[in-house]
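A short worksheet on the structure shown next.
The values are calculated or read from the model by the stated rules, or taken from the named source; none is laboratory data. These numbers come from a predicted model, not from an experiment. Using ideal geometry, Cβ is built from the backbone for each residue, glycine included, and neighbour counts are taken over all protein chains shown.
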2 protein chains.
Amino acid sequence: MTERIHNFNPGPAALPLSVLEEVQAEMLHFKNSGMSILEISHRSELFGEVLASARNRARRLFNLPDNYRVLFIQGGASLQFAMAPMNFLGPEDRADYINTGTWATKAFEQASLLGKKVRYAASSEEKAFSFIPKTADLDPKARYVHITSNNTIRGTQWQHYPDTGEVPLVCDMCSDIFSRPVPVEKFGLIYAGAQKNLGPSGLTLAIIREDMLHWNPDAVMPTLMRYKTYSDHYSMYNTPPCFGIYVAEKVMAWLENEIGGLEKMAALNRAKAERLYRALDATDFYQGTAEKEDRSPMNVTFRLKNTELEPVFIREALAAGLGGLKGHKSVGGCRASLYNATGMDAVESLVNFMDDFEKRKG
Amino acid sequence: MTERIHNFNPGPAALPLSVLEEVQAEMLHFKNSGMSILEISHRSELFGEVLASARNRARRLFNLPDNYRVLFIQGGASLQFAMAPMNFLGPEDRADYINTGTWATKAFEQASLLGKKVRYAASSEEKAFSFIPKTADLDPKARYVHITSNNTIRGTQWQHYPDTGEVPLVCDMCSDIFSRPVPVEKFGLIYAGAQKNLGPSGLTLAIIREDMLHWNPDAVMPTLMRYKTYSDHYSMYNTPPCFGIYVAEKVMAWLENEIGGLEKMAALNRAKAERLYRALDATDFYQGTAEKEDRSPMNVTFRLKNTELEPVFIREALAAGLGGLKGHKSVGGCRASLYNATGMDAVESLVNFMDDFEKRKG
């Protein structure tokens, strides 16, 4: 058996070791059931407790006001790209999108494909999505403004959410959910695939303002595409992704009990990112790709000045126990994803490796 | 730690112990990755091998002709209830549904909700869905005929699939997939949520005839609702439910290597079911609810003559290590689900308990 490596994968990504150890220990016997968590009924009291705990932990972590609902869905962000406009935009309704990269574009395109009246209110495409727009041409009559809070591929993050007045934000928070506190009141819908900061792929967390459950402009829609279905049935209209919810519950328990909540998680994440960005900025051998003020603490994207060395860097890093450093295929280069479960020890190891690599090849 | 019980759950349900033990052993270290299966990229070579193996095992188990595709989807049967009509029925197209119980009804209702031209060609509702219709008023111009191969709640199963001529069957095979060989050529689409015979909830297997990928009558449809999206992208348009596919691959490996394929699995399933039905028929203390010729080997539904004893029976059975025997809430009574992973030892234990219970209470 090999050693566990330092995991900088962009998603699916590192999970807390203590969570994986618990999952392993319980795999044949979940509590006193005499069964695996994979084998128990979703209607059982035991699973009901897991689901309720997951919901309550999400509420506490985000300090959710009473008028928000926590939903567990399948299909990932890609299904949310369709569900949000289907649930919120009638034939005459309009929504604004802010384009900060690949996933923001995909969200817009899906709404557009469905015939919805959407437009870009701002974009950073002109500079290869290397920054977050500071102004936007917002439509005060828009039903919502869609943003992507963290851009996994381009390595940028909204440090201050845009001021949209009375218009709620709809936000793809896949790659930074629970990495920091969030002013939830600004949001009508937050959604996140689990596979970065929350658990296994195949689970989507959605947090929705209750009144928006009733906007439902489309009369004809598959039952499972309607947020209200999940709210009315406590995410149990049909069999939910039980294992994903079970792991996510443990990850949220780790956030609450081991880390101590999102303020502390954010401080740890800032410290990890600062350590790595400091190393990047100390040399021109490595070059960060995002504007400094918009840099993501979750996904640190960089190039080697000599781009031909990048495959060597990635290969040698893996051999040194540092995995997942290849940039997204659409942009190339390097990327270190520093999600919640990737510790400062991993960052220190990476910085040491980068320093050594530069000495050998620089 | 308690003993593992005999698991008669209707789903999520028993999985082979050897599979759970492998999942447990690999939880911190998947192959030589230094990571958990929950932490590796879906675009990695290692996961690519899992996905390809799962696809190939499904092909071999069903002996699939070349013109069928194997897809891995999310959302369960409930999403398929919408996807099938959305992908196969244009405004003027018609489809026939055969109503054999709750899930068949839900499939029909979802198509109907979406405004599709669907009708019941046969139904067993008149006798509380206790049988499978032997004739149907089939429309030769229908685009497909929808059936539910096994009725989990009512304990019936299609022993001989209906003759629909040139019209393809679309089949919800959730609760008996891979329990027996299937004449795939009769089918245009087979779909099954994984959580009965295949793996964890949150994964749906779909097997589709290639030409039906191109029927696509609806111009406007979320990208993830289109079967072609999954086929074009080898089920990787977006992040798939990796852990579910990983477990399902192991379950299919168990079917191929430990059991020896679907003919052998079917013989084992018949033997288990015959043992239990023989016990039911030997006394009037217990009474099977389905017509004998249509009885399901997967879900054995029965009542106690004295129905007041049913809660006692279920409670005492659980105390004796026999779990999951409660009938579906909509019909009450008792149900023993005998999916692939539930062995003859479990059935023998149940029969012995039933015999003892009758002696004490009869």
(request) Among the residues of segment A:103-119, write down those that are over 22 Å from the mean Cα position of the chain (by Cα) and surrounded by fewer than 22 Cβ atoms within 10 Å (Cβ to Cβ). (result) A:Ser112, A:Leu113, A:Leu114, A:Gly115, A:Lys117, A:Arg119
(request) Hey, can you tell me all the residues within segment A:186-227 that are touching a residue at least 60 places away in the same chain (Cβ under 8 Å) and either of a type in the set (Lys, Arg) or not assigned by TED's automatic domain parsing to the domain that holds A:Leu61 (or both)? (result) A:Lys196, A:Arg209, A:Arg226
(request) Tell me, please, whether a residue that is within 14 Å of chain B (Cβ to nearest Cβ) and more than 24 Å from B:Ser337 (Cα to Cα) can be found in segment A:90-97. (result) yes
(request) Could you run through segment B:137-180 and say how many residues are touching a Lys or Arg at 6+ places or on another chain (Cβ under 7 Å) and small (Gly, Ala, Ser)? (result) 3
(request) May I ask you to list pairs of residues, at least six apart or on different chains, whose Cβ atoms are under 7 Å apart, with the first in segment B:6-29 being under 12 Å from A:Val23 (Cα atoms) and the second being assigned to a loop (DSSP other than H, G, I, E, B) and of a type in the set (S, T, N, Q)? (result) B:Leu20/A:Ser36; B:Met27/B:Ser36; B:Leu28/B:Ser36
(request) Please work out if A:Phe313 is of a type in the set (Phe, Trp, Tyr) and farther than 29 Å from A:Thr148 by Cα. (result) yes
(request) State yes or no: is A:Ala206 out of contact with any Gly (no Cβ under 6 Å at 6 or more places or on another chain) and over 23 Å from B:Tyr237 (Cα atoms)? (result) no
(request) Among the candidates B:Ser36, B:Ser78, single out the residue that is facing chain A (nearest Cβ under 7 Å), over 28 Å from B:Asp294 (Cα atoms) and hydroxyl-bearing (Ser, Thr, Tyr). (result) B:Ser36
(message) If I ask for residues that are of a type outside the set (A, V, I, L, M) and in contact (Cβ under 8 Å) with a residue 60 or more places away in the chain, which ones from segment B:56-78 would you list?
(response) B:Arg57, B:Arg60, B:Phe62, B:Asn63, B:Pro65, B:Asn67, B:Tyr68, B:Arg69, B:Phe72, B:Gln74, B:Gly75, B:Gly76
(request) Please work out which one of (1) part of a loop (DSSP other than H, G, I, E, B); (2) closer than 25 Å to B:Ile37 by Cβ is the condition A:Pro181 fails and give its number. (result) (2)
(message) Looking at the structure I just gave you, is A:Asn87 in the same structural domain as A:Ser130 (by TED's automatic domain parsing) and surrounded by fewer than 19 Cβ atoms within 10 Å (Cβ to Cβ)?
(response) no
(request) Could you pull out the residue among B:Leu17, B:Leu28 that is under 19 Å from B:Gly260 (Cα atoms) and within 9 Å of chain A (Cβ to nearest Cβ)? (result) B:Leu17
(request) State whether the residues of segment B:156-170 include one that is assigned by TED's automatic domain parsing to the domain that holds B:Ala206, under 19 Å from B:Arg94 (Cβ atoms) and assigned to a strand (DSSP E or B). (result) yes
(message) I need every pair where a residue in segment B:32-47 that is at positive phi has its Cβ under 9 Å from the Cβ of a residue that is assigned to a loop (DSSP other than H, G, I, E, B) and surrounded by fewer than 20 Cβ atoms within 10 Å (Cβ to Cβ), sequence separation at least 6 or different chains.
(response) B:Gly34/A:Thr2; B:Gly34/A:Glu3; B:Gly34/A:Arg4; B:Gly34/A:Gly321
(request) Can you run down the residue pairs with Cβ atoms below 8 Å, 6 or more apart or on separate chains, where the first is in segment A:278-300 and under 19 Å from A:Ala13 (Cβ atoms) and the partner is hydroxyl-bearing (Ser, Thr, Tyr) and part of a helix (DSSP H, G or I)? (result) A:Arg295/A:Tyr277; A:Val300/A:Tyr277
(request) Test each condition in (1) within 14 Å of chain A (Cβ to nearest Cβ); (2) not in a loop (DSSP other than H, G, I, E, B) for B:Ala122 and report the one that comes out false. (result) (1)
(message) Take B:Gln80 and tell me if it is farther than 30 Å from A:Ala194 by Cβ, in contact with an Asp or Glu (Cβ under 8 Å, 6 or more places away or on another chain), of a type outside the set (Asp, Glu) and surrounded by 21 or more Cβ atoms within 10 Å (Cβ to Cβ).
(response) no
(message) Testing B:Ala54 on (1) under 21 Å from the mean Cα position of the chain (by Cα); (2) facing chain A (nearest Cβ under 10 Å), one condition comes back false. Which one is that?
(response) (2)
(request) Output the residue which, of all residues in segment B:170-220 that are on the phi > 0 side of the Ramachandran plot and not aromatic (Phe, Trp, Tyr), is modelled with the lowest pLDDT. (result) B:Asn216
(message) So for segment A:135-152 (the condition being surrounded by fewer than 18 Cβ atoms within 10 Å (Cβ to Cβ), in the same structural domain as A:Ala111 (by TED's automatic domain parsing), β-branched (Val, Ile, Thr) and closer than 25 Å to A:Lys117 by Cα), does at least one residue qualify?
(response) yes
(request) From B:Tyr246, B:Tyr277, grab the single residue that is among the hydroxyl-bearing types (Ser, Thr, Tyr) and touching a helix residue (DSSP H, G or I) at 6+ places or on another chain (Cβ under 6 Å). (result) B:Tyr246
(message) Looking only at residues that are small (Gly, Ala, Ser) and within 14 Å of another protein chain (Cβ to nearest Cβ) in segment B:147-205, which one is farthest from the chain's Cα centre (by Cα)?
(response) B:Gly202
